[in-house]
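Encoded as structure tokens, the structure appears first; notes follow it.
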Amino acid sequence: MTYFGDISTSSASSSAGAGAGADWEPQQLSPGDPLTAANIARLSIVRQSIETSIELHGGALFQVTKGKPPSSSTTDSEDGGGDYVGISDWDEYGSVPEELLEYKKKVAALEGSSGWNADQRKLHKLIFMRGLHPMIPSWWRMSFRMWGITQEELDDVFTPPGSKKRVVIHAYSNEVAAAKALESLFYLSQTVTDYEQIGYEDKIAPMVIKEILKYYRWALRDVGLDKFKVKPTMLIREYRPELRWLKEERDEDDVDEDDIDEDALTDAERRARFTEAVSRDLERRLLSMALTWRDVLWDDKTGEYVMQPPTLYAFAVVQHMVMLVSHDSAEVDNPVVVLDQVRLNERGAWLWNALSIAIPINMIRDGINHNRHPRVIVPRAVDPSDEDPDL
């Protein structure tokens, strides 16, 4: 299964890892640029995106021994419930009922989807419903006038005027800061394509990581956790599309990389080896994070967890590609699954790409806020110089 089919790989020496992005000011979109008439055809965009996601990323990422269905760790929000169609305030909105019927059929056919927990089901569904299911409060709309999303064709991205129903992208405190933080994600697709045009491909992933982390920091600040040490439920990592770093990441049972002539490999073989290495590394990191969470939450006196082990998430960034991966830490044999893959170099899909990043981070924040416990959230001293005045 190939996840990074349009990423070119080479045998140039490099290493994997998250890096700091270069200081680069994204160019601002002109009022006429944001969404062309073709791009406003949101239903075709959404369906194409989710069908790609379902075909490539819906099942287990790795061959992990199947255990019992993982327990739910979902939080109270706009889309609780265990069924794939969900129990949501928005399930009867507009064309959502018809789309949910189609979605339920597609998801039911996915191998391993029955083992997703409620958080994973909810996130997969919300990504599918981009452009059909309201995601943003209506009163934020005026903050985004220059982006063209005040057009009536995109009404369903926002709640109806006057509606107070909960949506996945929301703020607990400063809504102006929340809108500004979301707007920073709108720039990503434009900036990525600008980088590609000027030959800065090696700077794309660090820039993307920087922006995702910036939005995550806003999310913690939104619930007053920016002055606390918070045990993370999310990791983000860059994987550079070269092969030499595989030597450091390989398992003991792997073929010795020194015996392989990298220059003799075909592009398909390089992609396959790269995908395998990324998959193995993500699995190792998420399972290790899950083990740490279970150890922290286990109470020897009661023989129980002090709270439900959380759902974990990872963003794997390869050039302009962002893969969203998840693992339910409640059980050691729960699989690692891929829920979405975002191609940030699709300029016309800037809104859908931004939502694909904002939705999981809002869910991560809600999970942290819902499950505050002194074992995982502790106060810390804050250096005033660390504060970001721009958000």
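Numbers for the structure displayed
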quantity	calculated
Residue under evaluation Gln341, criteria (1) among the polar types (S, T, N, Q); (2) surrounded by 15 or more Cβ atoms within 10 Å (Cβ to Cβ); (3) more than 26 Å from Asp222 (Cα to Cα); (4) at pLDDT 95 or above, criterion not met	(4)
Meets criteria (of a type in the set (Asp, Glu), at pLDDT 90 or above and within 25 Å of the chain's Cα centre (by Cα)) for Asp300	no
Criterion (of a type in the set (Asp, Glu) and in contact with a Gly (Cβ under 7 Å, 6 or more places away or on another chain)) met by exactly one of Asp156, Asp202, Asp194	Asp156
Residue among Arg217, Arg221 that alone is in a helix (DSSP H, G or I) and surrounded by fewer than 18 Cβ atoms within 10 Å (Cβ to Cβ)	Arg217
Inter-residue pairs, beta-carbon under 9 Å, first without any contact (Cβ under 8 Å) to a residue 24 or more places away in the chain and in the range 141-153, second β-branched (Val, Ile, Thr) and not in a helix (DSSP H, G or I), 6+ apart	Arg141/Ile149; Arg141/Thr150; Met142/Thr150
Residue within the range 134-145 that is over 22 Å from Thr311 (Cβ atoms) and modelled with pLDDT under 85 present	yes
The range 176-199: number of residues that are within 17 Å of Leu344 (Cα to Cα) and touching a residue at least 12 places away in the same chain (Cβ under 8 Å)	15
When residues of the range 360-378 are limited to those that are more than 13 Å from Leu220 (Cα to Cα) and not aliphatic (A, V, I, L, M), the one modelled with the highest pLDDT	Pro360
Hey, Val192 of a type outside the set (Phe, Trp, Tyr) and assigned to a loop (DSSP other than H, G, I, E, B) or not	no
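Here's the yes/no breakdown for (1) surrounded by 17 or more Cβ atoms within 10 Å (Cβ to Cβ); (2) hydrophobic (A, V, I, L, M, F, W, C); (3) at pLDDT below 85:
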site	(1), (2), (3)
Glu242	yes, no, yes
Leu246	yes, yes, yes
Asp258	no, no, yes
Glu262	yes, no, yes
Asp267	no, no, yes
Arg271	yes, no, yes
Val278	yes, yes, no
Leu282	yes, yes, no
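Here is a yes/no grid of residues against (1) at negative phi; (2) in contact with a Leu (Cβ under 8 Å, 6 or more places away or on another chain); (3) not in a strand (DSSP E or B):
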| residue | (1), (2), (3) |
| --- | --- |
| Val317 | yes, no, no |
| His327 | yes, yes, no |
| Ser356 | yes, yes, yes |
| Arg365 | yes, yes, yes |
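The values are calculated or read from the model by the stated rules, or taken from the named source; none is laboratory data. Since the structure is predicted, the reported quantities are computational estimates derived from the model, not experimental observations. Positions of Cβ are backbone-derived with ideal geometry, glycine not excepted, and every protein chain shown enters the neighbour counts.
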